[in-house]
Each structure stands twice: as structure tokens, then as C-alpha cells.
Amino acid sequence: MLLAQRQAHLDNLEALRAAAAQLLDDSPLVDSVGDDGFGEADGSGSELDRIRTLVAAARKGIDDVDAALGRLDSGRYGICADCRAPISPARLEAIPEATHCVDCKTGGLRRRK
Ligand SMILES: [Zn+2]
């Protein structure tokens, strides 16, 4: 499951890289607009920024999954990094790379013994 998620992030990253490369190749050469209605290129720079942001997010996603895989190897996967309680299976199913239990993540309801 984690591996599938990592692959999804990688695919996403590849697609974003391709889009960014295409944008860099095309944007200076756009001379005829109007045929396809995509003439509102008022911000190829901001579009690039948007893609950069998405690439950064995809990279972070891969880092998160890699970290989770590392924890899996060392036997700490599914253990809250803060209170060391087991993270609920339902939560791990929703967020495989989760590092904290729901209580710690939400910051409230922490019980100290
Ligand atoms: Zn916790």
C-alpha cells in the first residue's frame, strides 16, 4: 500500500516535470493564439510557480512515504512518534504515512498517566 502510494507520487512528479518542461519550451514561442481559446496567457510565470509548488508537494509526499517505509523496516511503523501509542489501523489506512496518532495530531485530549 505504501509502495503503491509512493509510485503514485512518482507518477505525479513525472507528469509535473513533463508539464513544466513543456511550459518552458513553449511559452517563449507562443505566437499565435485564438484558435483554441487558450489565449489568456497572462501569467506563464505564475503557472510555472504553481507547477513548482506541486512538484515540491509531490517530492514531500515521496519523502513522507520513504520515511514511513524506513519506519516499517525498523519496526516503528504505526507507532505514534509522540506518545508511542499504536496508531489506529483505520487511520493508517486513510493516511499510510501518518506519524502521529489522532490525539497527538489534533493536539487535544492527551491523557497523561
Ligand atoms: Zn500520539
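The values are calculated or read from the model by the stated rules, or taken from the named source; none is laboratory data. Owing to the predicted nature of the structure, the values given are computational and were not obtained by experimental measurement. All Cβ positions, even for glycine, are placed from backbone atoms using ideal geometry, and neighbour counts span all protein chains on display.
For this structure, a couple of remarks:
- Unique match (being of a type in the set (S, T, N, Q) and modelled with pLDDT of 80 or more) among 5, 22: 5
- When residue 71 is tested against (1) surrounded by 13 or more Cβ atoms within 10 Å (Cβ to Cβ); (2) of a type in the set (Lys, Arg); (3) within 11 Å of the ligand (Cβ to nearest atom), only condition (3) is not met.
- Residues that are free of Cβ contacts under 8 Å to residues at least 24 places away in the same chain and within 8 Å of the ligand (Cβ to nearest atom), drawn from region 76-91: 81, 82, 84, 85, 87
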